[in-house]
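Colleague: Quick one: the structure is below, and I'll ask about it shortly.
The values are calculated or read from the model by the stated rules, or taken from the named source; none is laboratory data. Model, not experiment: these values are computed from the prediction. When we count neighbours, we look across all protein chains shown, and the Cβ atoms used for this are built from the backbone with ideal geometry, even at glycine. The protein model used for the area step is the full one, side chains on, heavy atoms only, and it has no ligands, DNA or RNA in it. Shrake-Rupley method; radii C 1.70, N 1.55, O 1.52, S 1.80 Å.
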Amino acid sequence: MEKIFSRPACMKPAPFHYCPGCGHSIIHRLIGELIDEMNLRENIVCVPPCGCAVLAYDYFDIDMVEAAHGRGCAVATGLKRANPSLMVFTYQGDGDISAIGTAETLHAANRGELITSIFVNNAVYGMTGGQMAPTTILGQKTTTSPAGRSARVEGYPLKITELIAQLDGAAYVARNSLATPAKVNATKKSIKKALEIQQQGIGFSLVEILSPCPTNWKVNALEAFKYLEDVMEKEFNPGVLKDITKSRKA
Amino acid sequence: MSDKVLMKGTDAIAEAAIRAGCRCYFGYPITPQNEIPEYMARRMPEVGGVFLQGESEIASINMVHGAVAAGVRTMTSSSSPGISLKQECLSFLATQELPAVIVNIMRGGPGLGNIAPNQGDYYQATRGGGHGDYRMPVIAPGSIQELYDLTMDAFDIADKFRSPVLILGDGMMGQMMEPIVIHEKPEVELPEKDYILDGARGRHGRVLKSLILNARGMEEQNWKLKRKYDLMRQELPRCEEYMTDDAKLVVVAYGTAARIAKGAVKRARAGGLQVGIFRPVTLWPFPDSALLEVAKKAKLFLVFEMSTGQMIDDVKLAVGNRIECEFYGRPGGVIPQPKEIERIIERLWLQKEL
């Protein structure tokens, strides 16, 4: 029988440890496909996060260096500055990139570091058991906002992607969602664009991906995808927030 | 090439680093060591290296993390409060077994303290200010020439053992000027860097990580590091002895304190007192056995530190009950005078009937 679908060649034959319905598995696959399609496997380094995706190195057969929580963009800066011929990307969650690592992220973007950040936003801290994230929706119940997040007590969902889009060093900033197969395909296109921006040496690129966490949202997988579309996408509007290559062409 | 020039401590460190092949420097300004990043900002472009001022001490040391993972000799420098911020990443560097050189030009503390010379960071430096069961070589130069020479050595030690190495100076060492001989780094045979991340060309991906969820695996990593630290304990201890052969009283001091003590010991010798100095050059590993030999000959140790007393713990661990240890210290950034130490020596000489 002819084989028409298989694991990307840059990925290891290891079953994902992620919960059923988790978005990390989808995003991993998209990245794996792009590394193959763009022929990047032998020239790319990933800086994985602290969080559920810390084990990304179990799935990708590429060079990786694990950073301390939130420090991904600083470590990626060091890698890229030391060896500018490398493609470097960070894979970070909402807590990593917009709580403990806000400073490292904003400043790397502002310097226009030639790196790419893949920012997975599921509005909770997954690995530690569902605590509140900077991106937790108002009213959303988590283990550390058991009555639901209130603006008065915990403040508002932090939109770091919008902040980054304001910075002169950021060349491409997009937000995508995994809510439907079409949106998954669009997510892949954004990641591809972000990596191309890095290849072309234009500036910092970031793709935020709204991703389901059924376990900590305490819903089933189908409900999680519905929540993604009905609630997450309303709070965090998908789209290309910045693309300086467009204005250049014009 | 070798010529003698008048050089400031901070500049000597920076120039030695460049000549030792350091090609990436990341740092954040803090007094009294700003001349290091300033020197690097001027000098790095001349040698095709990277200078980048990070947005914080934390960012800077994590940039170091990335650069050494890419295989480049890299340094960062700071002063006491800034070094506190770097501790998280030092723990990562230690267990991911990555070489880096970190300079701490100590200032008065705790807290924001002041910008005067101080030795209050001994515990933090030698006990591992970061989390987890790791050690890190700590080198304490006692002159500008030594700052230059030992900075070069620090890069070799870091590469040989794949470990972060700390150079522990203070505001006096950093700001003082002395004539020194500028020379190229001696050739040293070092292991191949087979861990670096340069894209998995023709090989499988390499992973530099510290997360080991399996406790037995984490235990094994700790024992692996311990075996390396044991090797360091055998190979690295260094010290300098000054007139200890016939000394009844030996001052034990490092860095700037040892410089001050030397003046006091010279004066006391002139007055007929048999005194000497034992100066640890490596603070970790501590030169235990050399100190024990001195303890066997002498009658009294005077541990002198510009702190309320930290290294004295290591002195006591090294010598046990073999010799009595007195302490004199001036914390907070006060620079004691040689005659002040001389008075302490004279008082002890009479009190203890040496």
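Colleague: Roughly what percent of Cα-Cα pairs across the range B:21-61 reach past 13 Å?
Modeller: Cα-Cα pairs of the range B:21-61 separated by over 13 Å account for 48 percent.
Colleague: Which ³J(HN,Hα) values, rounded to whole Hz and listed in residue order, are derived for the range B:205-215 from phi using the Karplus coefficients 6.51, -1.76 and 1.60 in 6.51 cos²θ - 1.76 cosθ + 1.60 with θ = phi - 60°, glycine and proline given as x?
Modeller: Residue by residue, the range B:205-215 yields x, 9, 10, 9, 9, 10, 6, 10, 5, 6, 4 Hz.
Colleague: Then there's this: In whole Å, how far is the Cα centre of the range B:290-334 from that of the range A:1-75?
Modeller: 54
Colleague: Can you tell me the order of A:18-25, B:103-110, B:317-324 when each peptide is scored by its average per-residue count of other Cβ atoms within 10 angstrom, highest first?
Modeller: Packing proxy ranking, top to bottom: B:103-110, A:18-25, B:317-324.
Colleague: Can you check how the C-alpha radius of gyration of the protein assembly as shown compares to 2.2 N^0.38 Å, as a plain ratio?
Modeller: 1.10
Colleague: Setting aside same-chain residues fewer than 8 positions from A:Lys193, which lysines have a Cα under 30 Å from its Cα?
Modeller: Output for A:Lys193: A:Lys3, A:Lys12, A:Lys80, A:Lys159, A:Lys183, A:Lys226, A:Lys234, A:Lys242, A:Lys246, A:Lys249, B:Lys209.
Colleague: Along each principal axis of its Cα atoms, how long is the range A:125-167 end to end? Whole angstroms, biggest number first, please.
Modeller: 35, 26, 11
Colleague: Here's another thing I want to ask about it. For a quick size check, give me the Cα extents of chain B along its three principal axes, largest first, whole Å.
Modeller: Here the Cα extents, ordered largest to smallest, are 72, 48, 40 Å.
Colleague: Using only DSSP helix segments of four residues or longer, with each worth -39500 (n - 2.57), what per-residue ellipticity at 222 nm results for chain B after dividing by its residue count and rounding to 500?
Modeller: -13000 deg cm²/dmol
Colleague: Another question, then. Within 10 Å of each Cβ in peptide B:158-168, how many partner chain Cβ atoms are there on average? Round it to a whole number, please.
Modeller: Per-residue shielding by partner chains comes out at 0.
Colleague: May I ask you to evaluate 6.51 cos²θ - 1.76 cosθ + 1.60, the Karplus curve with θ = phi - 60°, for each residue of the range B:36-50 and list the ³J(HN,Hα) values in order in whole Hz, giving x for glycine and proline?
Modeller: Once θ is set to phi - 60°, the couplings for the range B:36-50 become 5, x, 5, 5, 5, 4, 6, 8, 4, x, 5, 10, x, x, 10 Hz.
Colleague: In the range B:216-354, what is the count of Lys pairs whose alpha carbons are under 12 Å apart, counting only pairs at least 8 residues apart or on separate chains?
Modeller: Qualifying lysine pairs in the range B:216-354: 7.
Colleague: Quick one: which residues, 5 or more positions from A:Leu241 or on another chain, have an amide H under 5 Å from its amide H? H modelled 1.01 Å from N in the peptide plane, none for Pro or chain starts.
Modeller: A:Val173, A:Ala174, A:Arg175
Colleague: Also: So what J values fall out for the range B:331-348 if you push phi through Karplus, 6.51 cos²θ - 1.76 cosθ + 1.60 with θ = phi - 60°, rounded to Hz, Gly and Pro as x?
Modeller: Rounded to whole hertz, the list is x, x, x, 6, 9, x, 8, x, 5, 5, 5, 4, 4, 4, 4, 5, 4, 5.
Colleague: Further, regarding this structure: Looking only at Cα atoms, what is the convex hull volume of the range B:203-287 per residue, in Å³?
Modeller: Once divided by residue count, the hull of the range B:203-287 is 154 Å³.
Colleague: What number, in nm² with one decimal, is the all-direction average of the projected area of the convex hull of the alpha-carbon atoms of the range A:1-120?
Modeller: 7.9
Colleague: Oh, and also: Along the charge dipole of the protein assembly as shown, which of A:Cys19, A:Ala123, A:Ala151 sits closest to the positive end, that is, farthest toward it, with unit charges on the beta carbon of Lys, Arg, Asp and Glu (+1, +1, -1, -1)?
Modeller: The Cα lying farthest towards the positive end belongs to A:Ala151.
Colleague: Here is a further query. Just checking the output field for B:67-75: average partner chain Cβ neighbours within 10 Å of each residue's Cβ?
Modeller: Mean number of neighbouring Cβ atoms from other chains: 5.
Colleague: Continuing with this model, one more query. Which order, highest average first, do B:57-64, B:114-121 follow once you tally other Cβ atoms within 10 Å for each residue and take the mean per peptide?
Modeller: Ranking the peptides B:57-64, B:114-121 by packing returns B:57-64, B:114-121.
Colleague: Would you kindly find the accessible area of A:Cys52, with a 1.4 Å probe and non-protein molecules such as ligands, DNA and RNA excluded, rounding to the nearest 10 Å²?
Modeller: Here the residue's solvent-accessible area equals roughly 40 Å².
Colleague: How much of the DSSP bridge set in chain B is antiparallel, in percent, rounded to the nearest 5?
Modeller: 30
Colleague: Moving on. Whose amide H sits under 5 Å from the amide H of A:Ile209, counting only residues 5 or more places off or on another chain, with H placed in the peptide plane?
Modeller: Those lying under 5 Å, H to H, from A:Ile209 are A:Phe119, A:Val120, A:Asn121, A:Asn176.
Colleague: A follow-up question, please. Accessible area lost on pairing B with A, both sides, 1.4 Å probe, Å² to nearest 100?
Modeller: About 2600 Å² of accessible surface is lost on pairing.
Colleague: Mind checking which of B:Met75, A:Pro8, B:Val64 is farthest towards the positive end of the protein assembly as shown's charge dipole, using Cβ charges of +1 (Lys, Arg) and -1 (Asp, Glu) about the Cα centre?
Modeller: The listed residue farthest towards the positive side: A:Pro8.
Colleague: Which far-off residues, 5 or more places away or on another chain, put their amide H under 5 Å from the one on A:Tyr91, with H placed in the peptide plane?
Modeller: Distant-sequence amide H within range of A:Tyr91: A:Val47, A:Ile118.
Colleague: To the nearest 10 Å², what's B:Lys86's accessible area with a 1.4 Å probe?
Modeller: 0
Colleague: For the range A:166-250, give the share of DSSP beta bridges that are antiparallel, in percent and rounded to the nearest 5; count only bridges with both residues there.
Modeller: DSSP beta bridges in the range A:166-250 are roughly 35 percent antiparallel.
Colleague: Using R₀ = 22 Å, calculate the FRET efficiency as 1/(1 + (r/R₀)^6) where r is the Cβ-Cβ separation of A:Glu2 and A:Asn185; round to 0.05.
Modeller: 0.40
Colleague: Just name one of A:Pro48, B:Ala16, B:Tyr28: the one whose Cα is farthest towards the positive end of the charge dipole of the protein assembly as shown (beta-carbon charges, Lys/Arg +1, Asp/Glu -1).
Modeller: Farthest along the dipole direction, towards plus: A:Pro48.
Colleague: Now, a different point. Rounded to the nearest 500 deg cm²/dmol, what is the calculated helix-only ellipticity per residue at 222 nm for chain A, with -39500 (n - 2.57) per DSSP H run of length n ≥ 4?
Modeller: Rounded to the nearest 500, it is -9000 deg cm²/dmol.
Colleague: Of all DSSP beta bridges in the range A:4-123, what percent run antiparallel (nearest 5)?
Modeller: 10
Colleague: Now for a different question. What average count of beta carbons from other chains do you get within 10 Å of the Cβ of residues in B:190-202?
Modeller: The mean count of partner-chain Cβ atoms within 10 Å per residue comes to 4.
Colleague: Related question: How do B:164-170, A:109-115 rank on mean C-beta neighbours within 10 Å, highest first?
Modeller: My ranking of the peptides, most packed first, is B:164-170, A:109-115.
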